[in-house]
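**Q** The structure that follows is given in the form of C-alpha cells.
Where a number appears in this text, it was derived from the coordinates with a stated rule and is not lab data. No experiment lies behind these values; they were computed from the predicted model shown. Glycine also receives a Cβ, built like all others from the backbone with ideal geometry; neighbour counts cover every protein chain displayed.
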Amino acid sequence: MGLRKKLIIVGAGGLGRIVHDVLSQDEEVTHKYTLAGFLDTRADPELPAELQGNVLGSPLTYRPQADEVFIPAVGDPKWRKNLLEPLIQQGASFYSYTHQASIAARARIGQGVFLTPGAVISTDCEIGDYSYIDTYVILGHDVKIGPHCMIGAMSFLAGGVRVEDGVALHPRTTVAKGVTLGQGCTVGIGSVVVKNVPSQATVFGNPARVIST
C-alpha cells in the first residue's frame, strides 16, 4: 500500500469536532487517510487540548499540497463558501464522506459533501458540492440540494423539493413536496415549510412565514 493522503478538516468549531469524531472512528477512513488537522481563521476555545496543535493555519492563506484532501465542516453556508473559495481556486481536492448513510442507487453526491451517519438519501436525489447533511435527515425522491447547504438534524424534505445554493435548514424542519427554498435563505428550527421561500429570506414557524429579508 502507498503512502496515505492527508485529510484536512476545514473548520475547527463544533461542526469540525463532530466531523473529526466521525472520521477518526471509521476504519475505512483511517486505513486510507491520515487525519492531519484543521484549517480555521481563529482558534476555537472548545477544541480539546490534544487537538489544539492540529490547527494548521487559515483556509484563506493555506496552500494545498498534492498529498492533501479537504472536507468542509463550517456550519454557516456563507462562511463556508468564503473559506473554501481560496482552496478551490488553487485546485484543492475534496473528500466526500458517505459511508454510514443510506443512499439510493441513482442518487448523485457532489465533492466535499458530508453525510452524517443515519441520513437517508432517496432515489434520484442530487446533493451539490460542499453541502452538509446532518443526522437522521430524510430526503424524499428527486430532492435537489445545491452547493454549500446545511441541512439540520432530523429534517424531512418531501419529494421534488429544490434547495438552492447556500441554504441553511435548522433541525427538525419539514418541507412539503415540490417546494423551492431560494438561494441563501434560512429556515428556523422546527419550521414547517409549505410554500416557496424567497432568496435571502429567513422564515420560521408552522406554517413558516417570512420574518426577515
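**Q** Show me, for segment 25-37, the HN-Hα J-couplings you get by feeding each phi into the Karplus relation (A = 6.51, B = -1.76, C = 1.60, θ = phi - 60°), rounded to Hz, glycine and proline as x.
**A** Values, residue by residue: 9, 9, 4, 5, 6, 5, 6, 9, 10, 9, 6, 8, x Hz.
**Q** Continuing with the same structure: Within a Cβ distance under 9 Å of GLY110, other residues only, what is the Lys/Arg minus Asp/Glu net charge?
**A** Its environment carries a net charge of -1.
**Q** Further question on the same structure: Which of rounded, prolate, oblate describes the chain, given a ≥ b ≥ c as roots of the alpha-carbon gyration tensor eigenvalues and a/c under 1.5 marking rounded, otherwise prolate only if a/b is larger than b/c?
**A** The shape class here is prolate.
**Q** In segment 13-66, which chymotrypsin sites (Phe, Trp or Tyr not before Pro) fall in coil by DSSP and have 12 or fewer other Cβ atoms within 10 Å? Spell out each step's value before the answer.
**A** Values: sites: TYR33, PHE38, TYR62; in loops: TYR62.
Hits after loop and neighbour filter: nothing returned.
**Q** Hey, what angle do you get for helix 77-89 against the long axis of the chain, alpha-carbon based, 0 to 90 degrees rounded to 10?
**A** Orientation of helix 77-89: about 40 degrees from the principal axis.
**Q** Using a Gaussian network model of the chain with C-alpha springs under 10 Å, which one of ILE88, ILE151, ILE71 is most mobile by mean-square fluctuation?
**A** Largest GNM mean-square fluctuation: ILE88.
**Q** Could you tell me whether segment 5-94 comes out rounded, prolate or oblate from its Cα gyration tensor? Rule is a ≥ b ≥ c as square roots of the eigenvalues, rounded for a/c under 1.5, then prolate if a/b exceeds b/c, otherwise oblate.
**A** Numbers: a/c = 1.56, a/b = 1.09, b/c = 1.42.
Taking the square roots of the gyration eigenvalues as a ≥ b ≥ c, segment 5-94 is oblate.
**Q** Also, quick follow-up: What is the angle, in °, between the Cα long axis of helix 14-24 and the longest principal axis of the Cα atoms in the chain? Nearest 10 is fine, range 0 to 90.
**A** Taking Cα atoms only, the helix is inclined about 60 degrees.
**Q** What percent does the relative contact order of segment 118-182 come to when contacts are Cα pairs within less than 8 Å and at least six residues apart? Provide the component values of the computation, followed by the final result.
**A** On the way: 200 pairs, mean separation 17.7, N = 65.
Relative contact order of segment 118-182: 27 percent.
**Q** By its C-alpha gyration tensor, with a ≥ b ≥ c as the square roots of the eigenvalues, how is segment 102-204 shaped: rounded for a/c under 1.5, else prolate for a/b larger than b/c, else oblate? Numbers along the way, then the final one.
**A** Numbers: a/c = 1.45, a/b = 1.39, b/c = 1.04.
Rounded is the answer for segment 102-204, as its axis ratio a/c remains below 1.5.
**Q** Just to confirm the filter: which GluC sites (Glu not before Pro) across segment 21-94 are DSSP coil and have at most 15 other Cβ within 10 angstrom of their Cβ? Mind showing how you got there, number by number?
**A** Details: sites: GLU27, GLU28, GLU46, GLU50, GLU68; in loops: GLU46.
Answer by residue number: GLU46.
**Q** Starting from the amide H of SER93, placed 1.01 Å from N in the peptide plane, find each other amide H under 5 Å away whose residue is 5 or more places distant or on another chain.
**A** Here PHE70 satisfy the definition.
**Q** Another question, if that's okay. Based solely on its DSSP helices, what 222 nm [θ] is calculated for the chain when runs of n ≥ 4 H residues each add -39,500 (n - 2.57) and the sum is averaged over all residues, nearest 500 deg cm²/dmol?
**A** Per the formula, -4500 deg cm²/dmol.
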